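Heads up, the thing below is written out as structure tokens.
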Amino acid sequence: MSDASRPNAFLRSLSRYFPLYLMLIPALVYLTVFCYVPMWGARLAFMDFSFIGKHTWVGLKHFRTLFSSPAFGAVIANTLIISAMKIFINFPMPIILALMLAEIRSRKFARVVQSVIYLPHFLSWVVISGIFLNLLSLDQGAVNRIIVFFGGKAFPFLTQGTSIRWVFVFSEMWRSIGWDSLLFIAAINRINPDVFEAAVMDGAGTFRRIFSITIPAIMPTIITVFILNLGFFMNAGFDQVFNMMNDAVLSRVDILDTYVYRLGLQNGEFSYATAAGLFKGVIGLFLIFGTHFGSKRLTGKGVW
């Protein structure tokens, strides 16, 4: 296509799909206001912030302080451990759930199951944290009451360093497994039913159809979602951790986002907190690009 014809092609596309372009406006406004405009504030990572007067340019001073801090090393370790647990344990679960739902013959029952498992996604982490705090409380929690009833000893799920991380993993799974399975269910529904019918006629059982037809067909979706999830690897879930953490387990669950929150909003160290946040963003960017190009080399498929 020549350079002269490109504007005309765009105008024809705009005229034809105008309602769809119109629907993009709220998303573009959101991305501009909350994602792109705040990038201008990242320059504070290279300055000494001052409420009065001009900011002083200090270069990489805050990054050197950040990397030499023992607290920062512990925070990074917690972030990597919790994020890795969530991704490698929780990521396959929506895929497995979608495969199970696709095998349910009663569509009415499948819709009921889907509606039930989607509901936790619409609860805030404040509500979910309250639910799990009540369930896992040492004295009055339902889980510990059941353990004691059967002769066991109550376990401090919420104040024990290693167990609280598993609470994070399973509460995240309970909240997101149904919603995250939507994309994989949609990908499965796009597979031509004739392929499954031909496989049944050839004598292929359920597992053979899943591993030979369904999974290969949805593999591009799986790879794309995995790459995008790795881009948020350094997040580890601020809302969840902030609402469920306590002083007893702070050293095991203090992640990069809660560290930045304390530095910036509680201690007023805005430049130092910005440096930590910028570091997290750069790592996420490299993870997306690295995973994309690695996937393209190994499988021929990536995000773009």
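Of the candidates Ser295, Ser212, Ser271, the single residue that is closer than 17 Å to Leu66 by Cα and of a type in the set (S, T, N, Q) is Ser271.
Suppose the filter is part of a loop (DSSP other than H, G, I, E, B) and within 29 Å of Asp254 (Cβ to Cβ); does Phe51 pass it?
Details: part of a loop (DSSP other than H, G, I, E, B): yes; within 29 Å of Asp254 (Cβ to Cβ): yes.
When the stated conditions are applied, Phe51 passes them.
Tally up the residues in the range 190-214 that are part of a helix (DSSP H, G or I), within 16 Å of Leu101 (Cα to Cα) and either charged (D, E, K, R) or not assigned by TED's automatic domain parsing to the domain that holds Leu99 (or both), please.
At the first step, the residues of the range 190-214 found to be part of a helix (DSSP H, G or I) are 193-201, 206-214.
From the residues that got through so far, the ones that are within 16 Å of Leu101 (Cα to Cα) too are 193, 196, 206-207, 209-211, 213-214.
The next check asks that each one be either charged (D, E, K, R) or not assigned by TED's automatic domain parsing to the domain that holds Leu99 (or both); those that pass are 209.
So the count comes out to 1.
Remark: Ala236 falls outside the filter, which requires a residue to be surrounded by 14 or more Cβ atoms within 10 Å (Cβ to Cβ), modelled with pLDDT of 85 or more and touching a helix residue (DSSP H, G or I) at 6+ places or on another chain (Cβ under 7 Å).
Scan the range 240-250 and tell me whether some residue there is surrounded by 19 or more Cβ atoms within 10 Å (Cβ to Cβ) and outside any helix (DSSP H, G or I). Give the derivation first.
We begin by selecting, within the range 240-250, every residue surrounded by 19 or more Cβ atoms within 10 Å (Cβ to Cβ); these are 240-241, 244-245, 249.
Add one more test, that the residue is outside any helix (DSSP H, G or I), and what stays is 245.
Yes, because at least one residue in the range 240-250 is surrounded by 19 or more Cβ atoms within 10 Å (Cβ to Cβ) and outside any helix (DSSP H, G or I).
Residues of the range 251-269 being modelled with pLDDT under 85 and not in a helix (DSSP H, G or I), which ones?
Within the range 251-269, the first condition is being modelled with pLDDT under 85, and the residues that meet it are 263-269.
Answer for the range 251-269, where residues must be modelled with pLDDT under 85 and not in a helix (DSSP H, G or I): Asn267, Gly268, Glu269.
Taking only the range 156-205 into account, find how many residues are more than 30 Å from Ile146 (Cα to Cα), surrounded by fewer than 17 Cβ atoms within 10 Å (Cβ to Cβ) and of a type in the set (S, T, N, Q). Residues in the range 156-205 being more than 30 Å from Ile146 (Cα to Cα), surrounded by fewer than 17 Cβ atoms within 10 Å (Cβ to Cβ) and of a type in the set (S, T, N, Q): 2 in total. The single residue among Ile76, Ile131, Ile81 that is surrounded by fewer than 17 Cβ atoms within 10 Å (Cβ to Cβ), within 25 Å of Ile164 (Cβ to Cβ), in the same structural domain as Arg208 (by TED's automatic domain parsing) and among the aliphatic types (A, V, I, L, M) turns out to be Ile81.
Scan the range 172-210 for residues that are in contact with a Ser or Thr (Cβ under 8 Å, 6 or more places away or on another chain) and touching a residue at least 12 places away in the same chain (Cβ under 8 Å) and jot them down. Talk me through it step by step, then tell me what you get.
The initial filter retains those residues of the range 172-210 that are in contact with a Ser or Thr (Cβ under 8 Å, 6 or more places away or on another chain), namely 183-184, 187-188, 191, 199, 204.
Answer for the range 172-210, where residues must be in contact with a Ser or Thr (Cβ under 8 Å, 6 or more places away or on another chain) and touching a residue at least 12 places away in the same chain (Cβ under 8 Å): Leu183, Phe184, Ala187, Ile188, Ile191, Ala199.
Tell me, yes or no, whether the range 129-148 has at least one residue that is touching a residue at least 40 places away in the same chain (Cβ under 8 Å), of a type in the set (A, V, I, L, M, F, W, C), in a helix (DSSP H, G or I) and on the phi < 0 side of the Ramachandran plot. Yes: one or more hits. Taking the conditions (1) more than 24 Å from Ser181 (Cβ to Cβ); (2) exposed (fewer than 15 other Cβ atoms within 10 Å of the Cβ) in turn, Ala273 satisfies each one other than (2). Only a single item in (1) under 30 Å from Leu287 (Cα atoms); (2) modelled with pLDDT of 90 or more is not met by Tyr118, and it is number (2).
The values are calculated or read from the model by the stated rules, or taken from the named source; none is laboratory data. Just so it is clear, the model here is predicted, and its values are computed rather than measured. With ideal geometry, Cβ positions are generated from the backbone for all residues, glycine too; neighbour counts draw on all protein chains shown.
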